[in-house]
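The values are calculated or read from the model by the stated rules, or taken from the named source; none is laboratory data. As the structure is a computational prediction, the values presented were derived from the model and not from experiment. Here the Cβ positions follow ideal geometry from the backbone for every residue, glycine too, while neighbour counts run over all protein chains shown. Remember, those area values only see protein heavy atoms, side chains included, never the ligands or the DNA or RNA. Shrake-Rupley method; radii C 1.70, N 1.55, O 1.52, S 1.80 Å.
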Amino acid sequence: LSELEMSHLDPGKRGKRLWTDNPAGDVVTTSITATNATTTTAASAAVEQLSVRIEVEPFDKGAHVYVIATMTSDKPHELALAVHHHGNSKPIEELTLTATMCNKERLRQLWLRDNIVDSRHLYAGYKGTDFIEKDPYPLSQMLTWRGDPIAIATTNEADPASIHITERPSWNYPAERLTQYWRVPAEHVQRDLRTRVNGRRVYWAGTIPIPGGLSFENFELRQKYVPGQVFVFGLTPKEPHEFSPPVTGLPAAPQ
């Protein structure tokens, strides 16, 4: 469910309905090809590909979209998301995909070209309980990996799973330290591509302070909508300096 708006398919419930579908005869072609709602193909002798078509309940202003989510066995830490609209959709300026709940791992470091933005410094002095947001970061400030613009986010904690939120255990982070990133394949980049984050001082829907200070909540890339454009979300145990090949423009690791 997307929590942006109330559902009309499920009256009284918050969030637009999402579901998988397999339209008869539908073929969608992007930089990644998907032919069914759930399809496993042998992309090569050594690589398998899984694609899932995700339908989205129409939004109140008339946008009617769907997403093709694809994973390949040679890139197990990445999810490629191709965005599309239906013929009855109202015009779309941007179709944004976001990674939320980044403060579950307490991501505080946004890696840009020659610079690491620390959420505690970016939002210094904020005492509120709502979201806080500053200006986005343009394409010129983004890193490059394999020829693609990339934005990377990490926690400043060596072991985020060691912190326990006793007031609300659902906010505990149970996994190993992971690096999150968004990238856009070079052929899908628009000139207005930018990195956007917002932050919080307390956990969402409450007043429990986030241990260690403000952290990022939403982490996303935005750009002008073009049907079929692809955004790639990555989640990996590798640190930014361990990416192979190396990331271009990567700043020194914080001490």
At most 16 other Cβ within 10 Å, DSSP loop - GluC sites (Glu not before Pro), the range 166-255:
GLU167, GLU176
Can you list the lysines whose alpha carbon sits under 25 Å from that of LYS75, skipping same-chain ones fewer than 8 residues off?
LYS104, LYS238
Which GluC sites (Glu not before Pro) does the range 55-96 hold that lie in a coil by DSSP with at most 16 other beta carbons within 10 Å?
GLU93, GLU94
With the full set of protein chains in place, find how many percent of the accessible area of the range 150-255 is carbon and sulfur; take the probe as 1.4 Å.
56 percent
Between ASP114 and HIS86, what FRET efficiency comes out of the Förster formula 1/(1 + (r/R0)^6) with R0 = 51 Å and r the beta carbon distance, rounded to 0.05?
0.75
Of TYR126, LEU221, THR236, whose Cα points farthest to the positive end of the dipole of the chain (charges on the beta-carbon: +1 Lys, Arg; -1 Asp, Glu; origin at the Cα centre)?
TYR126
Decide, for the range 180-255, between rounded, prolate and oblate: order the square roots of the alpha carbon gyration tensor eigenvalues as a ≥ b ≥ c, take rounded if a/c falls under 1.5, and otherwise choose prolate if a/b is larger than b/c, else oblate.
oblate
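Which order do SER89, SER244 take by accessible area at a 1.4 Å probe, largest first?
SER244, SER89
To the nearest 20 debye, what charge dipole does the chain have about its Cα centre, counting +1 at the Cβ of each Lys and Arg and -1 at the Cβ of each Asp and Glu?
Details: 27 positive and 30 negative charges, 102 e Å.
Computed about the Cα centre, the dipole is about 480 debye.
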Whole angstrom only: what separates the Cα centroid of the range 105-120 from the Cα centroid of the range 149-179?
14 Å
Starting from the residue with the highest accessible area, list LYS90, LYS75 in decreasing order, probe 1.4 Å.
LYS90, LYS75
Report the per residue volume, in Å³, of the convex hull enclosing the C-alpha atoms of the chain.
150 Å³
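With a cut-off of at most 10 other beta carbons within 10 Å, and DSSP calling the residue loop, which chymotrypsin sites (Phe, Trp or Tyr not before Pro) in the range 178-220 qualify? Please list them.
none
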Apply the a/c threshold of 1.5 to the C-alpha gyration tensor of the range 47-146 and tell me whether it is rounded, prolate or oblate.
oblate
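How much accessible area per residue does the chain have, counting only protein heavy atoms and a probe of 1.4 Å, in square angstrom?
51 Å²
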With every protein chain present, what accessible area does LYS134 have (1.4 Å probe, heavy atoms only), rounded to the nearest 10 Å²?
100 Å²
Roughly how much of TYR225 is accessible, in Å² to the nearest 10, using a 1.4 Å probe?
20 Å²
